[in-house]
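The structure under discussion appears below in the form of structure tokens.
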Amino acid sequence: FIQDFSKAMSQAGSSQFQEVIRQELEYSMKVELDKILATAHSNEIEHTKKDLEGFKKLFHRFLQEKGPSVDWGKIQRPPEDSIQPYEKIKARGLPDNIASVLNKLVVVKLNGGLGTSMGCKGPKSLIGVRNENTFLDLTVQQIEHLNKSYNTDVPLVLMNSFNTDDDTKKILQKYSHSRVKIYTFNQSRYPRINKETLLPIAKDVSYSGENTECWYPPGHGDIYASFYNSGLLDNLIAEGKEYIFVSNIDNLGATVDLYILNHLMNPPNGKRCEFVMEVTNKTRADVKGGTLTQYENKLRLVEIAQVPKAHVDEFKSVSKFKIFNTNNLWIALSAIKRLQEKNAIDMEIIVNPKTLDGGLNVIQLETAVGAAIKSFENSLGINVPRSRFLPVKTTSDLLLVMSNLYSLNAGSLTMSEKREFPTVPLVKLGSSFTKVQDYLRRFESIPDMLELDHLTVSGDVTFGKNVSLKGTVIIIANHGDRIDIPAGALLENKIVSGNLRILDH
């Protein structure tokens, strides 16, 4: 329907006709949203209204825009000084009064995601990552360590979604005695829309039971409006806070960096940046990451979804677009307030198609937090070391961070000094390892991976205790067969295939 609709739009040529269709769609949407709002209890009306208002704006823009593509001809390389090397920022050193600089900072973690892709129920931040510590535990430990070391008061703010809020709040009770103030606010809850009719599939406001599939959190670009609407933004400004450091809670490399913070608070040219995006060099594994470009004289984040089909290969090339966005962002609180009040934060709409369990095709309209970079003044990219981008999206990533490649200190993971080269091995675990509980069952202990370059595992494979993996190791169990790597085995540049069961007798 959407393709036919846009084809009809372009063929009709008459802007009047297009306008009529748009108005009809907007009117039908308004009628449906009013019906949904009418089912809200008195204590839900206020925030439901805000959510639906926000959704209406997004839907209006979705109907206005001519598709997501950027004009490829306008994309230029960013000017030299708009992306600074981290080494240059670090070389400035730190001032004596670093504590007073830290006291202006708030750490915000994006905590809206569920652990479903790793076979877990509940918030992803509650998955155990290292010595029984979850993503949330490690985050709290890092900030607590910072506050103790510098005698500061850096708070932690979690942006939850309606999917993660209850479970997260229950867990937060265990930190009540830690030296970190923890605040939460919820991102909006928007209705999924039927791909054919472009109307919401929800009939009322409830989002439990069979209605869970009717609603979605609209991407992390929602942070600006939700943070502002929650009242927390104003409270933090009133407390004298000036910058937030935002990152995904599953990026274990996203720790507070004092050199970047100092660069923001004490800029060398006296002119403060309102928005800093940490980027890092692409490897062959990162071809899909969004990249920073110069577009109409502004720094702009371009995501793969916005690239015209003819240019996708060029976008993925490591030689032309060398960096990608880590989603570690430093943003001035006063600028968020100013832009939010002027309704001037402009983010491209991401149309995310989904098929529900019953087979219904829906779309959800989303935005990405980094896309707002072009709305802020004096934005900057900082090209940081790869160690600041350590996301755990799959159990393959989990194996890396659980292994002896990393040492854990005060909640921060750093690459072991015993590793001879700074790159991380490429690990590909097959579908038998996708779910966290299956993955954990297949390793009696995490192998020694200090000298590993590449690991591929496919099929029904288990690892005994104290296995060492070096060089390139490929283990493939044929369908119906099982491979047990025995305890204490050393595999160096080996291919193991077929059927291998070592039985005790």
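The values are calculated or read from the model by the stated rules, or taken from the named source; none is laboratory data. For clarity, every value in this text was computed on a predicted model and none was experimentally measured. All Cβ positions, glycine included, derive from the backbone under ideal geometry; neighbour counts span all protein chains shown. Calculation scope for accessible area: heavy atoms of the full protein, side chains included, ligands and nucleic acids excluded. Shrake-Rupley method; radii C 1.70, N 1.55, O 1.52, S 1.80 Å.
So who's got an amide H within less than 5 Å of the one on Arg189, skipping anything under 5 residues away but keeping other chains? H placed 1.01 Å off N, in plane.
Residues meeting the amide H criterion: none.
How many angstrom lie between the Cα centre of region 302-343 and the Cα centre of region 143-220?
Between the Cα centre of region 302-343 and that of region 143-220, the gap is 23 Å.
Using a cut-off of 14 Å between beta-carbons, work out the net charge of the residues near Phe321 (Lys and Arg +1, Asp and Glu -1, Phe321 not included).
Spelling it out: positives minus negatives among the neighbours equals +4.
Apply the Karplus parameterisation 6.51 cos²θ - 1.76 cosθ + 1.60, with θ equal to phi minus 60°, to every residue of region 375-390 and state each ³J(HN,Hα) to the nearest whole Hz, in sequence, with x for glycine and proline.
Karplus-based 3J(HN,Hα) across region 375-390 equals 8, 9, 8, 6, 6, 8, x, 10, 7, 9, x, 4, 5, 8, 10, 9 Hz.
What dipole magnitude, in Debye to the nearest 20, does region 268-377 give about its Cα centre under +1 on Lys/Arg Cβ and -1 on Asp/Glu Cβ?
It works out to roughly 320 debye.
For Val31 and Arg77 in one chain, what is 0.36 nm times their gap in residues minus the Cα-Cα distance, to one decimal in nm?
12.0 nm
With r as the distance between the Cβ atoms of Ala305 and Gln23 and R0 = 30 Å, compute the FRET efficiency 1/(1 + (r/R0)^6) and round to 0.05.
Between Gln23 and Ala305 the formula returns 0.65.
Mind checking the per residue accessible area of region 393-495 for me, 1.4 Å probe, whole number of Å²?
That works out to 50 Å² for each residue.
Given R₀ = 30 Å, FRET efficiency for Ile363-Arg482 by Cβ-Cβ distance, to 0.05?
That gives a FRET efficiency of 0.10.
Among 391-403, 80-92, 259-271, what's the highest-first ranking by average C-beta atoms within 10 angstrom per residue?
Listed from highest to lowest mean packing, they are 391-403, 259-271, 80-92.
Let's test the formula: R0 of 30 Å, r as the Cβ-Cβ distance of Ser387 and Ser100. What FRET efficiency results, to the nearest 0.05?
0.65
At 0.36 nm per residue, and after removing the present C-alpha to C-alpha distance, how many nm does the segment from Lys148 to Lys337 gain when stretched out fully?
The span from Lys148 to Lys337 would gain 65.0 nm if fully extended.
Can you give the extra length, in nm with one decimal, that the chain gains between Glu44 and Ala344 once fully stretched, where that is 0.36 nm per residue apart less the Cα-Cα distance?
Length gained, Glu44 through Ala344: 105.2 nm.
How far is helix 45-64 tilted, in degrees, relative to the longest principal axis of the Cα atoms in the chain, given as a value from 0 to 90 rounded to the nearest 10?
Taking Cα atoms only, the helix is inclined about 80 degrees.
Report, in deg cm²/dmol and to the nearest 500, the calculated mean residue ellipticity at 222 nm for the chain, where each DSSP H run with n ≥ 4 adds -39500 (n - 2.57) and the sum is divided by the residue count.
Estimated from H runs of four or more residues: -8000 deg cm²/dmol.
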